[in-house]
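Notes follow once the structure below has been shown.
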Amino acid sequence: MPHAKHHTYTTRTEWTGNLGAGTANYRAYSRDHVLSAAGRPDLQGSSDPAFRGDASRWNPEDLLVASLSSCHMLWYLHLCAQAKIIVSDYRDEAVGTMIEDEGGGGRFAAAVLRPVVILAAGGDAAKAAALHEEAHRLCFIANSVNFPVAVEPTVVVAD
């Protein structure tokens with residue numbers, strides 16, 4: 001039996017929100033932080049504004065939904081290239097729903113990906129639509145979460 005390939009991902013999270021008093025109390029500090037990985041631009045992070053975060057920065061919840069969307073897209077484009085289906089445009093308006101419990105914790109309950117794919121003239125829309133199921137089956141991130149991820153694709157063939 002062949003050995004599974006292992007991949008390791010290393011990131012750094014650095015809190016930049018000490019306003020002078022550290023975490024003396026819940027309102028004494030900013031949720032700002034910087035996410036980094038070698039050789040890549042930094043991401044400015046914070047918490048969701050509902051949790052005293054900065055709305056102009058990425059929050060973990062946004063990043064999770066974006067990761068699901070990005071992973072699906074990358075698998076889909078790969079499968080289309082293999083199948084000789086020419087995609088000229090791809091956009092996804094993904095939505096994740098998180099439920100906060102009484103104790104302040106919570107979890108994601110679901111996510112929905114809504115990719116809109118434009119195929120080159122003459123493209124096979126039915127085959128292109130079906131490849132979304134395979135992309136979903138292969139997606140590393142969707143396979144790693146414990147909540148349902150639905151995919152509701154729209155495929156349009158250019159004139």
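Here is a yes/no grid of residues against (1) surrounded by fewer than 11 Cβ atoms within 10 Å (Cβ to Cβ); (2) on the phi < 0 side of the Ramachandran plot; (3) not assigned by TED's automatic domain parsing to the domain that holds Val151:
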{"position": "Leu19", "(1), (2), (3)": "no, yes, yes"}
{"position": "Arg27", "(1), (2), (3)": "yes, yes, yes"}
{"position": "Val34", "(1), (2), (3)": "no, yes, yes"}
{"position": "Pro41", "(1), (2), (3)": "yes, yes, yes"}
{"position": "Ala94", "(1), (2), (3)": "no, yes, no"}
{"position": "Asp101", "(1), (2), (3)": "yes, yes, no"}
{"position": "Gly105", "(1), (2), (3)": "yes, yes, no"}
{"position": "Val117", "(1), (2), (3)": "no, yes, no"}
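Residues in region 133-150 that are in contact (Cβ under 8 Å) with a residue 60 or more places away in the chain and either of a type in the set (Asp, Glu) or buried (at least 20 other Cβ atoms within 10 Å of the Cβ) (or both): Ala135, His136, Cys139, Ala142, Val149. Going through region 119-132 one residue at a time, which ones are surrounded by fewer than 14 Cβ atoms within 10 Å (Cβ to Cβ) and either touching a residue at least 40 places away in the same chain (Cβ under 8 Å) or on the phi > 0 side of the Ramachandran plot (or both)? Listed by number, the list holds a single entry, Gly122. Selection of strands (runs of 3 or more DSSP E) fully inside region 106-159 by the criterion of at least 3 residues being more than 15 Å from Ser88 (Cβ to Cβ) and either of a type in the set (Phe, Trp, Tyr) or modelled with pLDDT of 95 or more (or both) returns 106-113, 149-151.
Would you confirm whether or not region 63-78 contains a residue that is at pLDDT 95 or above, within 30 Å of Ala50 (Cα to Cα) and of a type in the set (Val, Ile, Thr)?
Initially, region 63-78 is screened for residues at pLDDT 95 or above, giving 63-78.
Narrowing the set further to residues that are within 30 Å of Ala50 (Cα to Cα) leaves 63-73.
Filter once more, keeping what is of a type in the set (Val, Ile, Thr): 65.
Checking region 63-78: at least one residue is at pLDDT 95 or above, within 30 Å of Ala50 (Cα to Cα) and of a type in the set (Val, Ile, Thr).
Taking the numbered list (1) outside the structural domain of Leu119 (by TED's automatic domain parsing); (2) under 18 Å from the mean Cα position of the chain (by Cα); (3) surrounded by 17 or more Cβ atoms within 10 Å (Cβ to Cβ) in turn, His72 passes all entries but (1).
So if I check each of Leu113, Leu138, Leu131, which one is over 27 Å from Glu61 (Cβ atoms) and in contact with a helix residue (DSSP H, G or I) (Cβ under 6 Å, 6 or more places away or on another chain)?
Numbers: Leu113 fails: over 27 Å from Glu61 (Cβ atoms); Leu138 fails: over 27 Å from Glu61 (Cβ atoms).
When all the criteria are applied, what remains is Leu131.
Ser46 fulfils the conditions (1) closer than 30 Å to Glu133 by Cβ; (2) surrounded by 12 or more Cβ atoms within 10 Å (Cβ to Cβ); (3) within 18 Å of the chain's Cα centre (by Cα) except for a single criterion, (1).
The values are calculated or read from the model by the stated rules, or taken from the named source; none is laboratory data. Being a predicted model, the structure only gives us computed values, none of them experimental. Methodologically, a virtual Cβ is constructed for each residue, glycine included, from the backbone with ideal geometry; neighbour enumeration extends over all protein chains shown.
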